[in-house]
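Heads up, the thing below is written out as structure tokens.
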Amino acid sequence: MPLQNKPHEAHPSLFQHAYLTSQPFLNKSATQSHLLTSGYKTEGKEKHFHVRRMDSHVAEMHTTGLRSPVFFHILYGVCLCLGVLCVLFVSLWCVLWHGGFAWDGSDQQFNWHPVLMVSGLVVLYGLAAVIYRVPFTWKQKKFTWKLVHAGLLLSALVLAVLGLCAVFDFHRAAGIPDLYSVHSWVGICTVVMFAFQWALGFAGFLLPCFPRRLRTYLKPVHIWLGIAILILSLTSCISGINEKLFFSLNGVSGEAYKSLPAEATFANFLGILLVAFGLVVFGILSKAQWKRPETDESVYPLLSENGT
Ligand code: HEM
């Protein structure tokens, strides 16, 4: 990239001001020492701003200047535990009450659907969304974590598509019509939006041919859409759990849902775990102090000469 295109070189004081004011987690001494190490000096009437690329020592200062890192790590730990519990509970539900897993058009094939949807579209997706907030990652190059973010989300998308294949295939084998319920409508919209978001994110943030100016507009849309998809995924899961419970606990071939048998209690609790996981993810995302500090490296796409 030509030197004159770097935003902080064109307007050093503006960049420096914007940078420092956008870092609420830096304490005063960290801010001062950052000013010194950035090499901002005055010679006669001219001011020179000595450029440094994303330096690990800057990230280190951010980490040490971070407010309430202990609280972040506790919340991140809770997030991981809730994610594991969600996958465990949905799998146990399918094993203990619905006969486990198979891929032969039977009820056991259907069981892959909730497990893959919860694992992919909620847990993996949620963990990918908060990956940039982990202070440990700030000391490394952002493009590495862009790759991890994109890779986790691609895995989530693959799991979601497999989960849809499981239920469509099961419907075909059992002669059940497709896409009749509100759950299926919301669910299919969620997966389509997710696929669109992934493709746009890949093109916009990882391909060098994407116009830089458009990338600036894309970022807030990407964040908004990312949050919207997680809300829709949670909505799809809750409605799916409810629908499945109404099918299996219909009071004719088994106990009635309203008598709250063990299966209903267990699956309701799975719903609560999913909501709790979502709330913790939103909590982490909503805290400005926990954002990865923006550096000039952040604006390079992954596959450009500067990003590699
Ligand atoms: C993000 C998560 C989810 C998405 C995107 C989703 C999407 C879908 C879609 C598109 C269908 C329609 C398949 C067809 O018409 O052949 C479907 C069916 C179904 N899903 Fe889900 N699902 C999700 C999670 C769950 C969960 C956690 C359960 C819990 C058991 C569940 C239960 C069901 C049931 C019972 C059906 C068959 C009845 C129907 O078509 O509504 N889903 N799902």
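The values are calculated or read from the model by the stated rules, or taken from the named source; none is laboratory data. What you are looking at is a predicted structure, and each value in this text was computed from that prediction instead of being measured. Using ideal geometry, Cβ is built from the backbone for each residue, glycine included, and neighbour counts are taken over all protein chains shown.
Taking the conditions exactly as written (more than 14 Å from the ligand (Cβ to nearest atom), assigned by TED's automatic domain parsing to the domain that holds Ile188, surrounded by fewer than 19 Cβ atoms within 10 Å (Cβ to Cβ) and in contact (Cβ under 8 Å) with a residue 40 or more places away in the chain), does Leu80 satisfy them or not? The answer is yes for Leu80.
Taking the criterion of being free of Cβ contacts under 8 Å to residues at least 60 places away in the same chain and either among the β-branched types (Val, Ile, Thr) or within 21 Å of Leu249 (Cβ to Cβ) (or both), the residues of the stretch 83-95 that qualify are Val84, Val87, Ser91, Cys94, Val95.
Of all residues in the stretch 188-205, at least one satisfies being in contact with a Pro (Cβ under 7 Å, 6 or more places away or on another chain) and more than 15 Å from the ligand (Cβ to nearest atom). Checked across the stretch 142-158, the condition of being part of a helix (DSSP H, G or I), within 30 Å of Ser253 (Cβ to Cβ) and within 18 Å of the chain's Cα centre (by Cα) holds for no residue. Of the residues making up the stretch 105-119, those that are more than 8 Å from the ligand (Cβ to nearest atom) and touching a Leu at 6+ places or on another chain (Cβ under 8 Å) are Trp112, Leu116, Ser119. Residues in the stretch 158-183 that are away from the ligand (no atom under 11 Å from the Cβ) and within 30 Å of His73 (Cα to Cα): Val158 only.
The numbered conditions (1) of a type outside the set (D, E, K, R); (2) more than 16 Å from the ligand (Cβ to nearest atom); (3) within 26 Å of Asn268 (Cβ to Cβ) are all true for Pro69 except (3). Count of the stretch 198-218 residues, restricted to those that are surrounded by 13 or more Cβ atoms within 10 Å (Cβ to Cβ) and in a helix (DSSP H, G or I), is 11.
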